[in-house]
1. Which residues, counting only those in region 304-329, are aliphatic (A, V, I, L, M) and either closer than 23 Å to K371 by Cα or part of a loop (DSSP other than H, G, I, E, B) (or both)?
2. What's the number of the condition V258 fails, among (1) open to solvent by 30 Å² or more (accessible area, probe 1.4 Å); (2) at negative phi; (3) in a loop (DSSP other than H, G, I, E, B); (4) of a type outside the set (S, T, N, Q)?
3. In region 269-286, what residues are of a type outside the set (K, R), open to solvent by 10 Å² or more (accessible area, probe 1.4 Å) and part of a helix (DSSP H, G or I)?
4. It is to be established whether one or more residues within region 673-690 are open to solvent by less than 20 Å² (accessible area, probe 1.4 Å) and over 16 Å from M608 (Cα atoms).
5. So which residues in region 148-178 are of a type in the set (K, R) and outside any loop (DSSP other than H, G, I, E, B), if there are any at all?
6. Find the residue count for region 20-36, including only residues that are of a type in the set (A, V, I, L, M) and within 27 Å of the chain's Cα centre (by Cα).
7. Consider region 194-204. How many of its residues are out of contact with any strand residue (DSSP E or B) (no Cβ under 7 Å at 6 or more places or on another chain) and touching a residue at least 60 places away in the same chain (Cβ under 8 Å)?
8. Give, as residue ranges, the strands (runs of 3 or more DSSP E) completely inside region 630-696 that count at least 1 residues that are free of Cβ contacts under 8 Å to residues at least 12 places away in the same chain.
Amino acid sequence: MDVPMSWLKEYADVTTSVKAFIEDITLTGSKVEGVTKLCGNVQKIVTGQIKKIEQHPDADKLVVCTVDAGQGSDLIIVTAAKNVTEGAYVPVALNGAVLADGAEIHTNSLRGVESQGMFCSVEELGCDRHDFPEAPENGIYIFPEAVELGQDVADVLDLKDDVVEYEITSNRPDCFSILGIAREAAATYDIPFRYPEITVKETASGKIEDLISVEIQNAELCPRYVARAVKNVKIAPSPRWMRKRLRAAGVRPVNNIVDITNYVMLEMGQPMHAFDIETIKDRKIIVRNAEEGEMITTLDGVERKLDSSMLVIADTEKAVAVAGVMGGENSMISEDAEAILFESANFNGPNVRITAKKIGLRTDASSKFEKGIDPNLALEAVNRAAQLVEMLGCGEVVPGVVDNYPNQREPWELSYSPAWMNKFLGTDISEEEMQHIFEKIELKVDPVQHKVTVPTFRPDLEAQADLAEEIARFYGYDKIEATLASGTPTVGKKTYAQNITTLVKDTMVAEGLCEAMTYSFESPKVFDKMLIPADSELRNTVTISNPLGEDFSVMRTVSFNGILNSLSTNYNRRNESAGLFEVAKVYLPKAIPVTELPDEVPTLTIGMYGKMDFYDLKGVVEHLMSVLGIGQRAEYTTETALPWMHPGRTAAVTIDGKAAGYFGEVHPTVAKNYEIGTKAYLAVLNMNILTEESNLVNVYHPLPKFPAITRDIAMLVKENITVKEIADEIRKNGGVYLEEVKLFDVYQGEQIEKGYKSVAYSISFRSAERTLADTDVAQAMEAILNGLSQKLDAQLRDK
């Protein structure tokens, strides 16, 4: 935010030096980024008069001028400018002068004639023809009237002004204006703040209701819409004082009407727009949401596509402006416009920001609306514009104003406690001084009830702590004594889920695996690479709106693509063996199209190849289950439904019936797609399930006092029966004394019938109360053998 000091002083009589002002205003919360001179580093350029012009003796295009620059003696200046005339008053750069671009001027010989200076154009003074419309397009600047000779040109042209740049926080929209900064300056120095006196002379005939009507269809996105009309418009350059102020604040002057809207925006912080009334179909303004795919060409000449979330200003036929961002080319004011409409509206800040970002157009107006402008400012701003129209003589204001304000914003009250504030700030400020500070920032104070009424232009004041900050700002941070912080210290700690994640990672590292970190963004092409079916829900992804490229355009729904890519990299760089793990999230949308945040599921992914095989991976998983206290409750069953895994070498993991993941060999086609030329193995486990089912409480079990009885059995079963099915059947019929079921042999060979296999188990029984006899386990063994025979068609082997 650039604020010329001369403009600020119109509303607050700041008398300190610029350096002191910068320090003081920064201490009260308006941080200053820097200060510049309006005329830059221009030096030693004075007013002069051309007394005599002679042709250069040795150059057809050069002339030799005798100039009186108030230096006591005439100067000789050689120039090629074609617009010089005898008697003209011109800016003269003396020997040693510095131009706006930093170039230095020195006495120099031009084709044998010594030139003691140079005449200047407006560009060399750091200005342009928008600042001085009377300046020639090519040539030196000639003063339109006589001036005192030898005067500093910066003084004569009013270019000497300090421009202070502020860094304004987004919670202070009132300070994004000259008046807002002036109000802060007045409070800083405890001097009067002069708000401009706004009076409107309505000199045109008729009423505004005869020219325009306004309808707001979305009051949530447009809380207020105010309009005034001007007839008999005369488009012309603005006066010098307005052009200077606009340029000093960083805005290029255009013409009087456009400059008035920019002037009001800078002065009051209220963006405005002007329409040619003749371009408004049926003389009706409609504030509505854009139609999906609606097109509009904005004032910068770019055609933009809108969607239904955006707000537009329209007539009965078309959109004429993107609300809060930029007007449309179809309603711009032409040189022959006779009647115009000033718009001073209030738009929803977040919606303006989203709209500006979507269409790729951020303007001064949108940046102000984003912060949240006070809707009560709209009427004063449009009246100020009407006042300036009369001051500049560029039109006649039509009587009346259209003001559509369905839900008026009212001031609010806040309670405060002087004692609490002093304790909060560590100060001893009297109630009277607090009251005075509140009053000078325009808060109405009720000292009896200890309440203040907050004006609507201060949305940042929401609680007593905010009022305390105002007290501290204007009392002076430098006056607050340093004190030690007080309070009860707390000790931070990890959540249970974070501890489980740490334990899982430590366990993986202990198993010899290396932790990997892969991208959450992936390409939609990886689903084909992983053989995921076209109709799989895993292809329903969260799509990135502004991706780095197609390879990073969707959020992953499976966790192992990155691990397989890492295994592929290791394999193709001739690493003999690799074992990796990662704990990261997958992102599962709740619905397509995505209307809310997806489910983010933390997942443990393990990948390996080389010296490690299926049983190594199974051992890693079983060890992890044991560490988490769920080894006895975890079950492993054959899994054949995952297209990216080998159908005969993959196991599903369940914990008390809950699906927790799977592990096994990667499908050979998938391994080939990833250019892994050997068997690769994957494990994918849901960290939420592991966390929920984990039990880190260790229960002490005393050593057994009594011996166990062990029985070994060997049987023939069909080769498609798993050892888990056999062990489950043994446990089911083992009775109360069954302690352990242990597989110790599996055999298939010449002595075994084809299609069968021999399995052998060691079964242990034990009582915690007495020594068991053979008769105690005989009944259990009989039940076990009968169950195996009847349920699994097992044949007991004698040898």
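1. To start, the set of residues in region 304-329 that are aliphatic (A, V, I, L, M) comprises 306, 310-314, 319-323, 325-326.
Of everything in region 304-329, those that are aliphatic (A, V, I, L, M) and either closer than 23 Å to K371 by Cα or part of a loop (DSSP other than H, G, I, E, B) (or both) turn out to be L306, M310, L311, V312, I313, A321, V322, A323, V325, M326.
2. Condition not satisfied by V258: (3).
3. Result: E278, T279, D282.
4. Yes, region 673-690 contains a residue that is open to solvent by less than 20 Å² (accessible area, probe 1.4 Å) and over 16 Å from M608 (Cα atoms).
5. Step one: filter region 148-178 for residues of a type in the set (K, R), giving 160, 172.
Matches in region 148-178: none.
6. Restricting attention to region 20-36, the residues satisfying the condition of being of a type in the set (A, V, I, L, M) are 20, 22, 25, 27, 32, 35.
Filter once more, keeping what is within 27 Å of the chain's Cα centre (by Cα): 32.
Total meeting the criteria: 1.
7. Looking only at region 194-204, we keep the residues that are out of contact with any strand residue (DSSP E or B) (no Cβ under 7 Å at 6 or more places or on another chain), and these are 194-199.
Cutting the leftovers down to touching a residue at least 60 places away in the same chain (Cβ under 8 Å) gives us 194-196, 198-199.
Final tally of qualifying residues: 5.
8. Working: elements: 634-638, 645-655, 658-666, 680-686.
So the answer is 645-655.
The values are calculated or read from the model by the stated rules, or taken from the named source; none is laboratory data. Computed from a predicted structure; not experimentally measured. Note that each Cβ is placed from the backbone with ideal geometry, even for glycine, and that neighbours are counted across all protein chains shown. Surface areas here come from the heavy atoms of the whole protein model, side chains and all, with no ligands, DNA or RNA. Shrake-Rupley method; radii C 1.70, N 1.55, O 1.52, S 1.80 Å.
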